[in-house]
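Beneath this line is the structure, given in structure tokens, with notes to follow.
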Amino acid sequence: MRLVELSVTNFRSLGDVQGIPIRKQTILTGHNDCGKTAALDAIAFLLGERSVVDSDISDFAVGEPARAALPSDEVEERRTVIVEGRFALSPTEEKALDAGPTLRMRRRHVEDEGSCLEWRTAVPQNPTLRNIPALKVAELRALASELDISLREDQSNVKASWVEVLEEHAAGTEMVTDWVVAPESVAAALPQLLYFKGDAAELPEAVVRSILTAKLREYTLREETRQKITDLEEEFSSLLKDDVVRLQKLIEERCTLDTFTVDPSVQFRPTVHSLSLTAAAPGQRAVSFTAAGSGRSRRVSLALWEASQELLSEETEDGVGGVIIAYDEPDTHLDYDHQRRIMEMIKASASAAQSTVIVATHSLNLIDGVDIQDIVHLNSRDGRAYVQSLGTEDDDDETRRFLSNMAVSLGFRNSVLLHERCFVGVEGPTEYAALPTLFKLAFGYPIQSAGIALWDCGGNDGALSFAKFLKKHRRTVMFLVDADTMRDKQKRFNIDRLSKQGFTEADCLFLGDPNELEDVFSDDQWADTMNAAWPRDDAQQWTAQDVSGLRVGGKFSKSLHNTLRQSSSSAPSGKEDMVVELTRRLRKPSDVPPALVKSFEDAIKVAREAGVAYWPEGS
């Protein structure tokens, strides 16, 4: 069972936050007090790993105007916290729970009443026929009498018999979809939670206990283990029978009651109750870890986090169960090298079939290391949180707008925002418009996620001056230029202009085969685009041979544009539009020309090696 969507009502700043997407790897970002930790704690509440206290209940739970409008003699509405999750099921879980590929579950906490786990499923329209096993014997008998239902001759007058006949009756009544208390089988299928907090670096014992407890509960999902636990529960229930009868009789006699029913439910939920850790440095005796310094505790906790991905990455039997690994500010007190290790660890953990990783962080190192679509940005207005996330269909402009909003919201200084950024200048609007789309098609994630920030130089000396400023301040700057830049002195963006700002050929990545970006696309790709976007006026079809002939002599892009203008009344007004239109028609990563993929790979390599350069003393 894997959590794929989260909704929270009345939990701290999460007054009413619906549809938070939870992917295999999810990064929660946002400024302080915007609800990142609250979202992780809400997941813990949903999974039964923590309870709700009064301070958790949102101030938005009951609006002040509504409360003030209540008559003085009317009972005030009780505040209710609701955390709802939508879960994806494996085929085995679908069969075991008699459910579809997804199901919805929620945990509700009503002020002064407690919490319960519910699921949305088909139930009898008659509310009295829902959750029959939770009724007491006297209630079961009264309900059966009301419905004119009797036990069969072969049934004994015990609770199990009354439950059986009433559930048989309920199954034949009209059904509706509604929220009801979740049975134990559904609750047991919830994912395990492994929750690491930044301040847990000082408590390796807590980390070890969480990891081992998660493994223990994972083992209980195995068929042979489940059967042993069921046998034990039945055995102990049987052992309690005589004690239950004696207790019932004592209460009936001493309280003068006709009947008093005790119906215990025995459940084993293994946990690691306590443990101790010792460590020994080379040549020294082992000592308790409580005596270790904070530096060693942090190193050990980080190593434990890394070890957890191996312990918890094994797929459970038949795809049953799962684990959610939550990190709250895992980069606390860690340098950039250790943050990179955490990012690698997160990616490895998220790749496991049954695991989901959710990280709340401010770290640019972590934020920049994932696909922008895996980022959920929490913001707040008047103390109330709301969510911003990027959909898979969003274009590059929306990506940039999202990143800009995030930077402003988190209060990044320029020096931080530029950390480990590779700025890549391109010649003009054609490259600026087309390259992000081509990059995402080729690699499956936005160019920003690779640490590459494109900007349109457009042959503008001001843009080159900005590049010079970045380079002066030890930023990594490259240029993506046409291959003929070295030869064509007439180009707006030529090597001479770059040289005047202190750049050389080594600072350039080259596009084109042999001259420019338009050259790298195949004859068939151009012919397909031309027929779709700029059909010939004589109703003839453009062919690959038509395109191939334009590559001989002169500049291909100019010849192509002239031919279109001569033969099609719908021809583009400028050649800049040609590549953009062709790019929109590509559908598969293999559609991106290999020469262009190679240029992107070179840019990615530069970006990976980019970072803060060493400043010699006195420079």
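Only the coordinates and a few stated rules stand behind these numbers; no lab work does. This is a predicted model, so every value here is computed, not measured. Cβ: placed from backbone, ideal geometry, glycine included. Neighbour counts: every protein chain shown.
At a Förster radius of 22 Å, what calculated FRET efficiency corresponds to the Cβ-Cβ distance of F268 and D243, to the nearest 0.05? Mind showing how you got there, number by number?
On the way: r = 18 Å, r/R0 = 0.83.
Once rounded, the FRET efficiency stands at 0.75.
Past the 28 Å Cα-Cα mark, which pairs from K500/K605; K159/K228; K468/K558; K197/K347; K471/K558?
Numbers: K500/K605 26 Å; K159/K228 25 Å; K468/K558 32 Å; K197/K347 18 Å; K471/K558 34 Å.
Violating the 28 Å limit, Cα to Cα: K468/K558; K471/K558.
Once the piece of chain linking K347 and V181 is laid out straight, how much longer is it, given 0.36 nm per residue of separation minus the C-alpha distance between them?
Working: separation 166, 0.36 × 166 = 59.76 nm, distance 3.56 nm.
Contour length minus Cα-Cα distance gives 56.2 nm.
Can you put V477, V552, V8, V357 in order, fewest other beta carbons within 10 Å first?
Working: V477 23, V552 8, V8 30, V357 26.
Least to most surrounded, the residues fall as V552, V477, V357, V8.
Ranked from largest, the principal axis spans of the Cα set of segment 522-592 equal 33, 26, 22 Å. Taking other C-beta atoms within 10 Å as the exposure proxy, C116, C255 rank C255, C116 from fewest upward.
A Förster radius of 45 Å combined with the Cβ-Cβ distance from L147 to L257 puts the calculated FRET efficiency at roughly 0.95.
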